[in-house]
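The values are calculated or read from the model by the stated rules, or taken from the named source; none is laboratory data. Just so you know, these numbers come straight off a predicted model, no measurement behind them. Cβ: placed from backbone, ideal geometry, glycine included. Neighbour counts: every protein chain shown.
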Amino acid sequence: MEIIKKLSLSVPNLKLKLRQAGITDEPEDYIKKIIFTSSFMSFGLSLVIFLFLQTAWAFVMVPLMLPLLFLYFIKYVDVKIEQVKRSIDQEIIYAGRFLIIELGSGVAIHKAFENLEKNYDIVGRYFGDIVNKTYLGTSLEDAINDTLINTPSPNLRRVLWQILNSIKTGATIERSLNQIVDQIVREQQIAVKEYGKKLNPLAMFYMMVSIILPSIGTTMLVVLATFIGLNISMTIFVILAGLIAFVQFMFLSIIRTARPPITT
């Protein structure tokens, strides 16, 4: 359909983003899937609200929730890319050192890539993809360059770029790789120190907004309602509990996102 094609073209670099996120769908197929999923979820949520509140106005939310859910699933690609990037960055140091040892021991580069694939689940996929492409007739340089484009991690791109440059110039791969790995280690150490500085104010803010204020606010609401004779239904408490849970979830997500993807 023409509208599906226009929607897929309206998202910048969607095809590249899907590849970097590990999603095998073509852009138009992915757009079709998220339209169907968004429509289904919009109707389902409206039905739940209707059954809970017994009002036909719940179905007015369908056209309101549909574009929001659509944008959420479009944004999900970026979230998935960030998750893949963090997973790669947690392995990249060990994988880089493994490759340095393999090549320094005289192992052929193809065999070193295969051994890396067997020992590292995330980073190994990219090196396994390089090996598979060379078996299908692609030159090693072209295979590395293709994989370099499809990886979302700048650190892995630096490693692949250094390997590619060393192959082209005939330089020793182990020495240049060792410099890159040491640089990544230093960058992760700096990121950990910065995260430690951010964590204390985040934790204090979380305690204030997610624990202290809701507790005091709910108590004051009950006391005030008692004095003025206001009838507070269970629905209001359920909504308040839902809002508090949402705020806590958002803070935990922020803290989790702010944590640097250090090697574990």
| request: Answer yes or no: is there a residue in the stretch 171-188 that is outside any helix (DSSP H, G or I), exposed (fewer than 14 other Cβ atoms within 10 Å of the Cβ), in the same structural domain as Ala95 (by TED's automatic domain parsing) and out of contact with any Phe, Trp or Tyr (no Cβ under 7 Å at 6 or more places or on another chain). | output: yes
| query | How about the stretch 80-98: which of its residues are farther than 12 Å from Ile23 by Cβ and among the β-branched types (Val, Ile, Thr)? | reply | Ile88, Ile92, Ile93
| said: Just to be sure I understand, how many residues within the stretch 134-153 are in contact (Cβ under 8 Å) with a residue 60 or more places away in the chain and in a helix (DSSP H, G or I)? | reply: 2
| Which helices (runs of 4 or more DSSP H) sit wholly inside the stretch 11-125 and have at least 1 residues that are modelled with pLDDT of 90 or more, assigned by TED's automatic domain parsing to the domain that holds Ala171 and more than 20 Å from Leu148 (Cβ to Cβ)? | 61-104, 109-119
| query | If a residue has to be surrounded by 14 or more Cβ atoms within 10 Å (Cβ to Cβ), in contact with an Asp or Glu (Cβ under 9 Å, 6 or more places away or on another chain) and touching a residue at least 24 places away in the same chain (Cβ under 8 Å) to count, how many in the stretch 155-170 make the cut? | reply | 3
